[in-house]
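K.L.:
Quick one: structure below, then a few questions.
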């Protein structure tokens with residue numbers, strides 16, 4: 001589902017709000033999640049799932065598959081998502 005589709009659905013549920021207000025709501029929501037993840041905090045949305053940051057260790061002896069040359073892969077952070085039990089049940093119905 002894309003951003004315009006989400007705005008359209010929100011507009012159907014809340015006709016009193018205009019599109020700019022709905023866009024602002026979505027922006028605030030996503031910025032809040034981004035800010036929390038940058039601070040390495042978990043973001044839990046009950047009934048939906050949890051976003052969290054996982055630190056991936058550095059790999060000093062990784063190999064380029066094309067040239068077979070050894071390369072260094074630095075440490076990095078990745079965003080992970082774990083679906084809630086309720087969401088898993090809903091999807092698997």
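K.L.:
Could you give the length gained by full extension between residue 18 and residue 75, i.e. 0.36 nm per residue of separation minus their alpha carbon distance, to one decimal place?
P.N.:
So the chain would gain 16.2 nm between residue 18 and residue 75.
K.L.:
Would you indicate which of [x] 90, 37, 19; [y] 44, 28, 23; [z] 60, 34, 29 is the value of Cα extents along the principal axes in Å derived from the coordinates of this structure?
P.N.:
From the options [x] 90, 37, 19; [y] 44, 28, 23; [z] 60, 34, 29, the structure gives [z].
K.L.:
While we're on this one: For the stretch 28-73, just say rounded, prolate or oblate: build the C-alpha gyration tensor, square-root its eigenvalues into a ≥ b ≥ c, call rounded for a/c under 1.5, and beyond that prolate if a/b exceeds b/c, oblate if not.
P.N.:
Prolate, because a/c is 1.5 or more and a/b exceeds b/c.
K.L.:
Give, in nm to one decimal, the length gained when the segment between residue 8 and residue 33 is fully stretched (0.36 nm per residue of separation minus the Cα-Cα distance).
P.N.:
Numbers: separation 25, 0.36 × 25 = 9.00 nm, distance 2.17 nm.
That works out to 6.8 nm of additional length.
K.L.:
Suppose the chain between residue 87 and residue 54 were pulled fully straight at 0.36 nm per residue; how much longer would it get relative to their current alpha carbon spacing?
P.N.:
Net length gain for the segment: 9.7 nm.
K.L.:
In deg cm²/dmol, rounded to 500, what helix-only [θ] at 222 nm does the chain give when every DSSP H run of at least 4 residues adds -39500 (n - 2.57) and the total is split over its residues?
P.N.:
Computed ellipticity for the chain at 222 nm equals -13000 deg cm²/dmol.
K.L.:
Sorted by mean Cβ packing within 10 Å, highest first, what order do the peptides 70-80, 45-55 take?
P.N.:
Per-residue mean Cβ counts within 10 Å order the peptides as 45-55, 70-80.
Any read-out appearing in this document is the output of simple, stated calculations on the displayed coordinates, not a laboratory observation. Just so it is clear, the model here is predicted, and its values are computed rather than measured. Cβ sites come from the backbone with ideal geometry, for glycine too, and all protein chains shown count toward neighbours.
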